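Below you'll find the structure, written out as structure tokens, and then a few comments.
Derivation of every value follows stated rules applied to the coordinates shown; laboratory data play no part. All figures in this text were calculated on a predicted structure; none of them were measured in a lab. Cβ atoms come from the backbone with ideal geometry, glycine included; neighbour counts cover every protein chain shown.
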Amino acid sequence: MADMILTADAVGGVKSIINDKLISENVQTVLVIDGAGNILAHCGQDTDGVDALSLAALTAANFGATSQIAKLIGENDFSLLYHKGEKANIHFARLGGEMILVSIFGDDVSLGLVRVRVDELAADINRIFEG
Amino acid sequence: MALIDLGRKEIHCKIVYYGAGRCGKTTNLLYIYNAMSDNDRGKMLTIDTKGDRTLFFDLLPLNLGKISGFDIRIQLYTVPGQVMYEATRKLVLKGVDGLVFVADPLKVRQERNIESLDDLRRNIADHGLDLKEMPLVLQYNKRDLCDTPVPTLSVEELEQDLNQVYQVPGFEAIATKGPGVFETLKEISKRTVNYVANKHLFNK
């Protein structure tokens, strides 16, 4: 896993397309993180009560753990995870390579929309961050 | 992997405390957490502890000032030490930039220390890294036990067992009370930040 250098242009570009595709549709918060749990980009509400650093570390670990579960059933990896809460829902998607996109949204946003938009974003975010 | 954010002028590094079960990895983090001001530390995350044993990992984010205008942000992690959690240890090591190996001085744990260091070397190699090339320091913890009748190992014996190959700084410590905890943190932080900064900021 190589070190990663973020430029202001790259982060700005990624935030702009996330704002356009997800935040504009009422998704509350979106994080782009890497496999080590570092936050690469953070969009939307500054999530009172949500500790983004812990969320990123746990997400990376969760993906690591579920990829082991995937291997137990003959899959290479699970590319997305979704948890439904009473008020808030969370969707995790692997963006190819080592990056993971985390979207937190309420019941006013449909899961289908989030999935479609995340699929649309994946290639662009990869291109911007990984070149 | 280190993350260098040129826009926000931040360097993020990951340091993992490694060692056999019950050697005091989480105790190190707790002491650091309690001793640092709110401005310099984030929330300490301790996950799924069963009794007093770490099942997944602990995380403590710290701010360690500036170097060349870049804010240094360090994330301290621990691993579960028990032999059976090897897969979890490997997960936590993903993207590591610096390592502290915490050694237990109890004579009955001599083999465990050696096995754990070997387990670290193997797990690091599985991530495509060489432990000899990485920032590493040793911590000889629980030195207060040496004053009790419990059979313990001397620092020389621990050096002989663990530091022959790596020849890195070793610190005597009592993580429950504080001696050696910040000396260890200071040295591994310095080595890790130098390693990352030399690679990306100064050698251009």
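Brief remarks follow.
- In terms of its C-alpha gyration tensor, chain A comes out rounded, because the ratio a/c of the largest to the smallest axis stays below 1.5.
- With neighbours defined as other Cβ atoms within 10 Å of a residue's Cβ, the residues B:Thr88, B:Thr148 order from fewest to most as B:Thr148, B:Thr88.
- Helix B:110-126 and the longest principal axis of the Cα set of chain B meet at an angle near 30°.
- Nearest 10 degrees, 0 to 90: helix B:25-35 Cα axis against chain B principal axis: 60 degrees
- Flagged links, alpha-carbon separation over 25 Å, of B:Lys94/B:Lys190; A:Lys21/A:Lys87; B:Lys94/B:Lys132; B:Lys14/B:Lys43: none
- GNM remark for chain B: springs join alpha carbons under 10 Å apart, and the peak mean-square fluctuation among B:Gln110, B:Gln167, B:Gln75 falls on B:Gln167.
- Considering all different alpha carbon pairs of the range B:134-204, the Kirkwood hydrodynamic radius works out to 13.7 Å.
- In order through the range B:74-86: 3J(HN,Hα) via Karplus (6.51 cos²θ - 1.76 cosθ + 1.60), integer Hz, x for Gly, Pro: 10, 10, 8, 10, 10, 10, x, x, 4, 3, 5, 9, 4
- Whether the protein assembly as shown is rounded, prolate or oblate, judged on the alpha carbon gyration tensor where a/c under 1.5 counts as rounded: prolate
- Here the contact order of the range A:8-130, divided by its residue count and restricted to Cα pairs under 8 Å and six or more residues apart, works out to 28 percent.
- Among A:Ala41, A:Ile18, A:Ala57 - extreme Cα towards positive end, dipole of the range A:1-110, charges at beta-carbon: A:Ala57
- Using alpha-carbon coordinates, inclination of helix B:181-197 to the longest axis of chain B, degrees: 40 degrees
- Computed from phi, the 3J(HN,Hα) profile of the range B:141-155 under the Karplus parametrisation 6.51, -1.76, 1.60 (θ = phi - 60°) reads 8, 6, 5, 5, 5, 5, 8, 10, x, 5, x, 10, 9, 6, 4 Hz, with x in place of Gly and Pro.
- Taken residue by residue and averaged, Cβ atoms of other chains lying within 10 Å of the Cβ of A:2-10 number 6.
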